[in-house]
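First comes the structure, then the notes that go with it.
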Amino acid sequence: MSQAAQAASASTLTARSPATLEFDGDAVNWRRLGEFEHFFYTILDVDPATEAADFVLKFEPGERIFLHRHRALTMTTVLAGEHRLYEPDGAVKEVRPLGSYTIAPPSPDPHQEGGGADGAVVAYSTRGSADGVVFDVLDAAGATVGTLGIADLCALFELQGGRPGA
């Protein structure tokens, strides 16, 4: 590797200070997202320049969240419990056990998510967006009634004081 390439690589790698968070669900300052029910969140990091967002959701036992659609590449890791995905009609679509890692491209297909009998804690990592939108919030008929975008995730992270899990 040339000296110029090494210098460019080094500056890229050191441009952002590393942040670490040892996951202890009891130590996390879980937050509610507006009036949405059955889950809590904490933001780990958001980079608007690359449209990357990392956050953790804690799902209540046996409950489902609102109908939505992913508009970004989404990777998930189940940290605790069982992560469940549901079809719009409520039928179970997929059950992801503890330790599952999933990569899903953006999709026009709506679904709901939730926790199994003991709930679930799931880490999400999203990359990219559709014009800044990461998720569409849908009504029961499948019509878009709201969105959650990179700017929204940045604002939520700032509400945490810009610190992971705070």
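Computed values, structure above
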| item | result |
| --- | --- |
| Whichever residue in segment 22-38 is closer than 23 Å to Gly146 by Cα and in contact (Cβ under 8 Å) with a residue 40 or more places away in the chain and, among such residues, is surrounded by the most Cβ atoms within 10 Å (Cβ to Cβ) | His38 |
| All positions within segment 142-151 that are surrounded by fewer than 18 Cβ atoms within 10 Å (Cβ to Cβ), farther than 16 Å from Phe39 by Cβ and either at pLDDT below 95 or not polar (S, T, N, Q) (or both) | Gly142, Ala143, Val145, Ala151 |
| Subset of segment 152-162 (residues that are surrounded by 13 or more Cβ atoms within 10 Å (Cβ to Cβ) and either more than 22 Å from Leu73 (Cβ to Cβ) or in contact (Cβ under 8 Å) with a residue 24 or more places away in the chain (or both)) | Leu153, Cys154, Leu156, Phe157, Gln160, Gly162 |
| Segment 55-82: number of residues that are in contact with a His (Cβ under 8 Å, 6 or more places away or on another chain) and basic (Lys, Arg) | 2 |
| Qualifying residues in segment 122-141 (those that are outside any strand (DSSP E or B), surrounded by fewer than 20 Cβ atoms within 10 Å (Cβ to Cβ) and not hydrophobic (A, V, I, L, M, F, W, C)) - the one nearest to the chain's Cα centre (by Cα) | Gly128 |
| Total residues in segment 109-118, condition in a strand (DSSP E or B) and either of a type in the set (Ser, Thr, Tyr) or surrounded by fewer than 16 Cβ atoms within 10 Å (Cβ to Cβ) (or both) | 2 |
| Hits in segment 45-94 (condition: over 13 Å from the mean Cα position of the chain (by Cα) and among the charged types (D, E, K, R)) | Asp47, Glu60, Glu63, Arg64, Glu82, Arg84, Glu87, Asp89, Lys93, Glu94 |
| Verdict on Ala5 being modelled with pLDDT of 95 or more, over 24 Å from Gly161 (Cα atoms), of a type outside the set (Lys, Arg) and out of contact with any strand residue (DSSP E or B) (no Cβ under 7 Å at 6 or more places or on another chain) | no |
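Each row is one residue, and each column tells you yes or no for (1) modelled with pLDDT of 95 or more; (2) assigned to a strand (DSSP E or B).
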| site | (1), (2) |
| --- | --- |
| Glu35 | no, no |
| Thr42 | yes, yes |
| Val56 | yes, yes |
| Pro61 | yes, no |
| Met75 | yes, yes |
| Ile103 | yes, yes |
| Ser107 | yes, no |
| Ala120 | yes, yes |
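The values are calculated or read from the model by the stated rules, or taken from the named source; none is laboratory data. Just so we're clear, the structure is a prediction, and the values are computed from it rather than from any experiment. As a convention, Cβ positions derive from the backbone with ideal geometry for all residues, glycine included, and neighbour counts pool all protein chains shown.
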